[in-house]
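Contents: one structure, followed by commentary.
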Amino acid sequence: MMRSTAPVLVGSQTLAVQHFHTWLPELTGLLTTEEILHIAIDFMDSCALVKGKLVLYKLILIINYSKLDLFAQPEQRSALSANTVRWIAPHWGQTDEVTEQWRDQVRLCCSVLASQIHYLNSEIPDYVPKIVDSFLAIQSTERKPKDRFSLLFPTAYPFPSKPLPGEPVHFDEPLIELSALLSASSNSPNGMQLELSVDDITTVLKNTLQVHLSILEGEAFPSNWLSVYTYHHKSTIRTLQYLAGILLDSALPDPDDAEDFDTELWRLFFMTLLKLVGSSCLALETFPEQKRRAVWKIAGDVREHGAELLRRTWEAVGWDTSPDERMRYGLSKMGGYQVQYVPSLVGPIVQLCLSVHGGLRRVAVEVLQTMIVSEWTLSEDLSVIQTEMIDCLDLFFKDQAMTESIMQKLFIGELLERFESLSLIEDDPLYAALRELIATLDVFLDLLVAVHSGDASGEASNLMNRLELMEFLRDMHKEDIFIRYVHQLASLQRGIGYHTEAGLALRLHADLYDWDPAAITPALSEPNFPEQSHFERKERIFFEMIKHFEDGEAWSSALAAYDELRTQYETNIFDFAKLARTERAIATIYETLAKGDKPIPKYFKVVFKGLGFPINLRDKAYVYEGSHGERTTAFTDRMQEQYQAAQILTNGDVDSEIEGQFLIVSAVSPHRDLQHQVFQRARVAHPIRDFLLSSNPQTFSVSSKRNTTGPVAEHYAEKIVYTTNEAFPSILRRSEIIDVGHIRLNAKETGLERIVRKTQEMTTVERQLVDNEDNNDLAQLMIGAISISVLPESETSVACYRKLLPVVDLEDIDEVEPELSRQENSIRIALIDHAIMIKRALTSFSGSSNQILAKGYQDLYLHFASTFAPEIAVFSPTRPQRDTSGGTSPTWQRASPTRENGQKKHPLCSLLLCGSMALD
């Protein structure tokens with residue numbers, strides 16, 4: 001019945017297979033155990049042709065055979081084990097297609113072996129190839145994260161499972177079971193016992209190494225499953241020791257037959273061994289006490305065994321050195337087949353050089369020495385070695401948190417010791433090249449530790465370390481690593497809300513490319529960029545960069561980027577559609593500037609004093625960019641969070657040699673160029689004026705002394721001007737002060753600065769009153785400020801600076817009106833803007849429901865008309881009626897360079913009259 005393939009018998013066959021093992025104990029009174037065993041074997045042989053689900057029930061029947069007390073004696077178990085090899089052979093191993101049925105078969109085959117694992121012996125060589133082939137077949141398929149876990153080594157079908165809490169996990173039950181069986185076979189007393197022909201040995205060895213490499217890389221199950229993962233390290237080292245014996249016996253041809261050397265096989269062996277001994281799972285020194293004990297108890301000192309195996313096999317693939325080479329380098333084996341693994345294995349070896357494990361590090365340094373000598377012998381150049389070492393160190397620090405620079409530099413001294421004999425030879429080129437290589441690595445290690453240690457002394461220091469590392473990588477022409485750090489920095493800045501600085505970081509990437517539509521740049525994986533032209537890559541980065549600038553309202557930076565795009569669209573690729581979109585974007589920014597009232601950022605000078613600061617900060621001064629509207633107290637609180645041990649002072653100074661840490665914080669302002677053309681134009685909106693004067697500041701100032709009393713010709717101001725290393729905005733939001741200067745503003749410059757500042761302050765209060773007209777404090781403040789400007793008895797009115805303008809005799813109509821200098825014209829324009837602001841404010845007060853504002857209009861308007869009559873004559877189309885009862889304003893009569901009686905006006909006045917706008 002079981003040998004029949006008739007579909008009508010499938011039901012009966014299924015019942016027989018499912019229950020046959022329960023019938024066998026019933027025969028114990030009638031038949032001997034040996035006879036019952038033969039019946040069981042014959043029945044299983046009759047199931048050779050079953051298909052579909054019957055195969056699964058057949059495999060479960062084999063498991064049930066192993067569980068029977070009837071077959072518990074060694075003789076019966078041995079017979080079952082011997083027959084199991086052929087019973088399960090068709091149902092796993094190599095396959096053309098990995099189906100769900102086949103995966104279930106593999107799992108049950110694993111369960112069969114698990115039920116017999118303790119008494120397997122000569123069958124292991126038959127099972128290992130099947131385990132390896134099944135593993136590789138499943139590994140080649142796509143695997144998705146799972147939220148349910150099927151119990152391992154099932155003995156029933158369907159397989160029981162349970163839900164997993166939390167996020168889905170990457171694992172695969174068949175791979176877990178296969179890896180467990182492979183591990184058990186290597187740890188068995190008799191070992192793997194591979195018995196293969198010469199033709200098959202290479203394939204089986206490669207496949208076995210690939211499986212172990214896959215397990216170490218966490219493809220079968222997550223590497224954070226610590227106990228299981230650690231156990232596989234122990235079994236893998238035993239497997240590698242066994243395979244190394246086979247390789248040394250059969251895969252190491254004589255130098256005369258060097259072409260028969262299997263480079264790929266040995267490469268796979270070394271890669272698996274290096275992956276094993278370099279695993280973070282074995283880094284006991286980084287674990288807490290309990291975890292360290294657990295790993296040690298499970299695996300022991302795998303790294304020590306691995307180091308010895310690495311030394312033995314690496315020396316084996318080298319050739320004997322000459323007496324001269326032994327004297328120069330102290331090496332008995334070098335070159336030979338070793339050269340085929342330079343530079344491909346340089347990176348993993350360098351990673352082992354960073355190990356705290358002394359024995360492993362010493363072996364790795366010895367191997368690195370042979371690689372350096374081999375490369376120098378072939379090319380007399382170590383640049384390839386240096387490139388690989390930089391790549392390796394970057395990846396190593398990327399994946400692992402390292403904090404102690406001294407520990408990572410141990411191998412540098414040990415490497416120099418290996419070449420100590422060369423140091424005695426004067427001007428030895430290899431030793432000179434080695435010293436240069438080590439100096440470069442020393443700097444790179446310091447930068448990596450500073451960036452990845454997570455123990456930066458503050459946000460700005462962390463960013464500075466990143467920039468220094470990026471500059472080093474750019475100098476080393478490691479563009480791929482440089483780009484990755486650029487985008488990490490941009491992401492970091494974006495995450496803390498610094499959009500402008502994120503855009504500036506991306507600019508570093510964009511600057512690597514030319515606006516060349518023909519040149520092709522390769523794809524990048526991190527960040528993800530396809531293969532594209534330099535123009536397309538740079539354009540894409542520019543779009544992202546501009547988006548950050550706009551989010552951060554860094555309009556000058558956005559306009560500069562748009563202008564560069566506009567030039568390329570217009571003169572390079574002639575894409576007028578993109579040109580039009582760019583022009584519209586530029587127009588939108590200018591409209592935003594015209595309508596906006598965003599204040600300029602606050603800036604603060606910070607001086608680092610005290611021996612508690614590192615040398616690179618001590619006694620240095622920086623200008624920091626604060627947030628918009630950030631007060632000094634808020635800024636000092638933020639600095640205190642970064643430098644918690646520092647004492648913050650907002651005035652005074654301390655000795656540079658004092659113990660401790662002191663931060664001296666003071667506010668500074670962007671230094672305004674009083675010769676700027678914007679001061680020659682009236683009616684320029686304050687946001688536009690601020691944008692033109694304060695965009696991209698690199699010089700900052702603070703008044704140290706000021707005199708604005710007494711005769712206006714004696715007014716002056718003294719300022720301290722600080723020049724920073726770079727203009728703002730900057731990636732670090734700070735820049736070191738590289739120059740300190742002192743300037744003295746003359747009376748005209750002092751007057752211009754004071755008028756402009758007074759106008760801006762009053763405009764700010766005026767805007768606040770628009771939204772809060774009933775605020776009596778604001779109303780009183782505004783009326784008081786206007787009173788100071790317009791009342792004739794006011795000694796601090798900015799109108800007094802009209803005296804600095806040339807005086808024209810109004811009685812002499814033939815006198816030639818003097819030409820105003822730029823400074824004088826700037827004062828005149830500033831007074832006009834001040835008068836326009838006052839008139840606008842007073843006019844709005846006339847209909848106000850706030851009695852303070854309404855009365856202020858009644859009390860002050862006539863004084864305004866008198867005090868600022870010359871300015872009103874310029875900007876107002878209709879001259880207001882002057883109050884002649886009190887006579888002509890002395891100030892107007894003395895200082896106006898405008899002829900009223902002769903109807904002759906200054907050319908600038910005529911120009912302003914023609915272009916003036918009607919006031920609200």
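Things to note:
- Hey, Pro343 touching a residue at least 40 places away in the same chain (Cβ under 8 Å), over 17 Å from Thr230 (Cβ atoms) and not in a helix (DSSP H, G or I) or not: yes
- Applying a threshold of 6 Å to beta carbon distances and a minimum spacing of six or more residues, or different chains, the list of pairs starting in the stretch 274-294 at a residue that is under 17 Å from Gly359 (Cβ atoms) and ending at one that is of a type in the set (Gly, Ala, Ser) and open to solvent by less than 20 Å² (accessible area, probe 1.4 Å) reads Leu276/Gly306; Val277/Gly306.
- When the residues of the stretch 142-191 are filtered to those that are under 42 Å from the mean Cα position of the chain (by Cα) and polar (S, T, N, Q), the one that is most open to solvent (accessible area, probe 1.4 Å) is Ser161.
- A search for C-beta distances below 7 Å between a residue of the stretch 389-402 that is modelled with pLDDT under 80 and any residue that is crowded, with 17+ Cβ neighbours inside 10 Å, counting only pairs 6+ apart in sequence or on different chains, returns Ala401/His452; Met402/Gln408; Met402/Val449; Met402/His452.
- Looking across the stretch 607-623 at every residue that is free of Cβ contacts under 8 Å to residues at least 60 places away in the same chain and outside any loop (DSSP other than H, G, I, E, B), the one that is least open to solvent (accessible area, probe 1.4 Å) is identified as Phe608.
- Looking across Gln493, Gln488, one residue alone is open to solvent by 40 Å² or more (accessible area, probe 1.4 Å), in a helix (DSSP H, G or I), modelled with pLDDT under 95 and closer than 27 Å to Glu564 by Cβ. It is Gln488.
- Matching residues in the stretch 356-396 - criterion: being over 20 Å from Glu417 (Cβ atoms), among the β-branched types (Val, Ile, Thr) and touching a Gly at 6+ places or on another chain (Cβ under 8 Å): Thr377
- Conditions (1) under 23 Å from Arg754 (Cα atoms); (2) part of a loop (DSSP other than H, G, I, E, B): number failed by Glu657: (1)
- Residue in the stretch 238-268 that is farthest from Asp147 (Cα to Cα), counting only those that are of a type in the set (A, V, I, L, M) and open to solvent by less than 10 Å² (accessible area, probe 1.4 Å): Leu247
- Hits in the stretch 659-687 - residues which are among the hydrophobic types (A, V, I, L, M, F, W, C), more than 18 Å from Lys748 (Cβ to Cβ) and modelled with pLDDT of 90 or more: Phe662, Leu663, Ile664, Val665, Ala667, Val668, Val684
- All of (1) in a helix (DSSP H, G or I); (2) within 27 Å of His671 (Cα to Cα); (3) among the hydrophobic types (A, V, I, L, M, F, W, C); (4) open to solvent by 40 Å² or more (accessible area, probe 1.4 Å) hold for Phe543 with one exception: (2).
- Selection of first residues in the stretch 785-809 that are more than 20 Å from Met837 (Cβ to Cβ) and open to solvent by 60 Å² or more (accessible area, probe 1.4 Å) and of second residues that are not in a helix (DSSP H, G or I) and not hydrophobic (A, V, I, L, M, F, W, C), restricted to Cβ pairs under 7 Å at least 6 apart or on distinct chains, gives the following pairs, ordered by first then second residue: Asp809/Glu815.
- Single residue of Leu265, Leu213 found to be in a helix (DSSP H, G or I) and within 36 Å of the chain's Cα centre (by Cα): Leu213
- Flag if Leu194 is open to solvent by less than 30 Å² (accessible area, probe 1.4 Å) and closer than 25 Å to Cys281 by Cα: no
- Arg361 being modelled with pLDDT under 90 and assigned to a helix (DSSP H, G or I): no
- Test: residue in the stretch 580-594 that is open to solvent by 20 Å² or more (accessible area, probe 1.4 Å), at pLDDT 95 or above, of a type in the set (Phe, Trp, Tyr) and in a helix (DSSP H, G or I): no
- Residues of the stretch 624-651 that turn out to be open to solvent by less than 60 Å² (accessible area, probe 1.4 Å) and more than 21 Å from Lys602 (Cα to Cα), as a count: 1
- In the set (1) open to solvent by 70 Å² or more (accessible area, probe 1.4 Å); (2) at pLDDT 90 or above, the condition left unmet by Arg882 is number (2).
- Residue within the stretch 359-374 that is open to solvent by 50 Å² or more (accessible area, probe 1.4 Å) and of a type in the set (A, V, I, L, M) present: no
The values are calculated or read from the model by the stated rules, or taken from the named source; none is laboratory data. From a predicted model like this one, the values you see are computed outputs, not experimental measurements. Backbone-built Cβ (ideal geometry, glycine too); neighbour counts: all protein chains shown. With ligands, DNA and RNA removed, areas are computed over all heavy atoms of the protein, side chains included. Shrake-Rupley method; radii C 1.70, N 1.55, O 1.52, S 1.80 Å.
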